[in-house]
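Trainee: Got a structure here, written out as structure tokens. Questions coming.
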Amino acid sequence: MTTEQTAAAVQTDREYILQTYVKPSFVIERGEGVYLFDTEGRRYLDFVSGIAVNALGYGDAEVTATIAEQAAKLIHVSNLYLTAPAGELARMLVESHPAFHRVFFANSGAEAVEGAIKFARRYARDRVGEGKTAIIAFDGSFHGRTMGALAVTAREKYREPFEPLMPGVRFAAFNDAASLEATMGPDVCAVILEPVQGEGGLRVADPAFLRAARALCDQYGALLIFDEIQCGMGRTGTLWAHEPAGVYPDIMTIAKPLAGGLPIGAVLMSQAVADTIHVGDHGTTFGGNPLVTAVASVVLRRVSDPAFLARVREVSSYLDEALHDLAAERADTIIELRGRGLMRGLRLTGSASAAREAAQERGLLVATAGEDVLRLLPPLIIEPRHVDDSIAVLRRVLK
Ligand SMILES: Cc1ncc(COP(=O)(O)O)c(C=O)c1O
């Protein structure tokens, strides 16, 4: 693209796209591995990966070949008909976790959360009867922008302009079992939480807190829902982020990285939950279409390979050490390191978005989480040299 064409593309976006995001004024044209390139030929080391989506980076040969092959065969027929790729992906997901027996496919994270909420309500009505409809979520939570998902999302700024939201949601303090216990009651049908909070600032749930949540859900006959939309699929070094805690939920929502950048969401559930959902209770036109699920099977197979996960853990330790060294050097600007694996947060004394822009100027893309947390979400295929390059930029930016 010429400079004039780039300027025109920026202008067209500003003029015709609903401006719900603040975007920089370069235009991204292509990606290769862990790098993005803009129309002026500038290269960016990408520590955002499409907000934790591009686990295998850009231009992965197997992903692109699968897209081409499946697209040539069949893209979509709707859930009125059966196609093989959806069933195959569901089987792989179920076999990846001892607690799940059934999968519902949707098209985004928010839609997976909506499904989880509906299934929890349906289960409670079926098993207990009317009135068991309350849902408990936590401070710092982010579950999406649709009305149900927004109702279990804590941030006032996201909620307030759209109230009234879905009623029946109560909030407890994250990582605080006593607060959850005080908020629990016989009217609660589900507790929803992120094992590692994303948007809310990269806070990691303590194993003891997850165990307490499981015990309280069992005591009150409520379902435990884990939202692994951002933290799942290998990002923290295990396939599912809650694995090390040894606590199993009844329902899990996943999305972002599952289909290599194609839109997907999924709700995984126990047989007990599945038994209460019947034909016609829920639906979607696109969910589980053969193109998306064929690609997702490839991504899931690759990411769940023990050797792949071992490499994620290795590079995560390397990143962890480098971040600790940086935080020690820049104790005046970095207050705290958060997160786990390749999902890390740097809580800063200053503005995270100013730091993000300064890093961008130097060819490193990073995200933010709230006002003061810089968020690193690199592709899972990064190598130590990419970590070194990112730290070199952050060292210059965080002075
Ligand atoms: C934990 C979590 N849940 C749900 C969502 C919503 O996903 P989507 O943006 O695909 O609707 C997100 C998105 O950032 C997320 O991080």
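The values are calculated or read from the model by the stated rules, or taken from the named source; none is laboratory data. From a predicted model like this one, the values you see are computed outputs, not experimental measurements. Backbone-built Cβ (ideal geometry, glycine too); neighbour counts: all protein chains shown.
Trainee: Filtering region 162-188 down to residues that are among the acidic types (Asp, Glu) and in a loop (DSSP other than H, G, I, E, B), which residue is farthest from the ligand (Cβ to nearest atom)?
Mentor: Residues of region 162-188 among the acidic types (Asp, Glu): 163, 176, 181, 187.
Next, only the ones that are in a loop (DSSP other than H, G, I, E, B) stay: 163, 176, 187.
Numbers: GLU163: 19, ASP176: 19, ASP187: 24 Å.
Step by step, filter region 162-188, then rank; the result is ASP187.
Trainee: Still on this structure: Please state which of the following conditions ALA328 fails to meet, knowing it meets all the rest: (1) buried (at least 17 other Cβ atoms within 10 Å of the Cβ); (2) not assigned by TED's automatic domain parsing to the domain that holds LEU262.
Mentor: Checking ALA328 against (1) buried (at least 17 other Cβ atoms within 10 Å of the Cβ); (2) not assigned by TED's automatic domain parsing to the domain that holds LEU262, the one that fails is (1).
Trainee: Quick one: what pairs do we get from region 255-280, first residue closer than 13 Å to ILE51 by Cα and outside the structural domain of THR293 (by TED's automatic domain parsing), second within 16 Å of the ligand (Cβ to nearest atom) and part of a loop (DSSP other than H, G, I, E, B), C-beta under 8 Å, 6+ apart or different chains?
Mentor: Matching pairs, first to second residue: none at all.
Trainee: Looking at ARG159, ARG145 in this structure, which one is under 26 Å from TRP240 (Cβ atoms) and either within 16 Å of the ligand (Cβ to nearest atom) or surrounded by fewer than 16 Cβ atoms within 10 Å (Cβ to Cβ) (or both)?
Mentor: Step by step, each of ARG159, ARG145 is checked, and only ARG145 is under 26 Å from TRP240 (Cβ atoms) and either within 16 Å of the ligand (Cβ to nearest atom) or surrounded by fewer than 16 Cβ atoms within 10 Å (Cβ to Cβ) (or both).
Trainee: Something else now. Please go through (1) buried (at least 22 other Cβ atoms within 10 Å of the Cβ); (2) away from the ligand (no atom under 11 Å from the Cβ) for GLY265 and return the number of the only condition it doesn't satisfy.
Mentor: Going through the list (1) buried (at least 22 other Cβ atoms within 10 Å of the Cβ); (2) away from the ligand (no atom under 11 Å from the Cβ), GLY265 breaks only (2).
Trainee: Return only the number of the condition from (1) touching a Lys or Arg at 6+ places or on another chain (Cβ under 8 Å); (2) under 21 Å from LEU300 (Cα atoms); (3) not hydroxyl-bearing (Ser, Thr, Tyr) that PHE26 does not satisfy.
Mentor: Single failed check for PHE26: (2).
Trainee: Here is a list: GLU357, GLU321. Which entry is farther than 27 Å from THR238 by Cβ and either within 24 Å of the chain's Cα centre (by Cα) or not aromatic (Phe, Trp, Tyr) (or both)? Show your work before the answer.
Mentor: On the way: GLU321 fails: farther than 27 Å from THR238 by Cβ.
Going through GLU357, GLU321 in turn, just one is farther than 27 Å from THR238 by Cβ and either within 24 Å of the chain's Cα centre (by Cα) or not aromatic (Phe, Trp, Tyr) (or both): GLU357.
Trainee: Having 2 or more residues that are away from the ligand (no atom under 16 Å from the Cβ) and surrounded by fewer than 16 Cβ atoms within 10 Å (Cβ to Cβ) is the bar; report the helices (runs of 4 or more DSSP H) wholly within region 47-135 that clear it. Step through it out loud before you land on a result.
Mentor: Numbers: elements: 49-52, 61-73, 84-95, 109-127.
Filter on region 47-135 gives 61-73, 84-95, 109-127.
Trainee: Could you pull out the residue among LEU210, LEU216 that is within 16 Å of the ligand (Cβ to nearest atom), assigned to a helix (DSSP H, G or I) and in the same structural domain as VAL247 (by TED's automatic domain parsing)? Quick ask: steps written out before the conclusion?
Mentor: Working: LEU216 fails: within 16 Å of the ligand (Cβ to nearest atom).
Of the residues listed, the single one that is within 16 Å of the ligand (Cβ to nearest atom), assigned to a helix (DSSP H, G or I) and in the same structural domain as VAL247 (by TED's automatic domain parsing) is LEU210.
Trainee: I'd like the full set of residues that are within 28 Å of VAL393 (Cα to Cα), touching a residue at least 24 places away in the same chain (Cβ under 8 Å) and not hydrophobic (A, V, I, L, M, F, W, C), limited to region 1-37.
Mentor: Passing the criteria: THR3, THR6, PRO24, GLU29, ARG30, GLY31, GLU32, GLY33.
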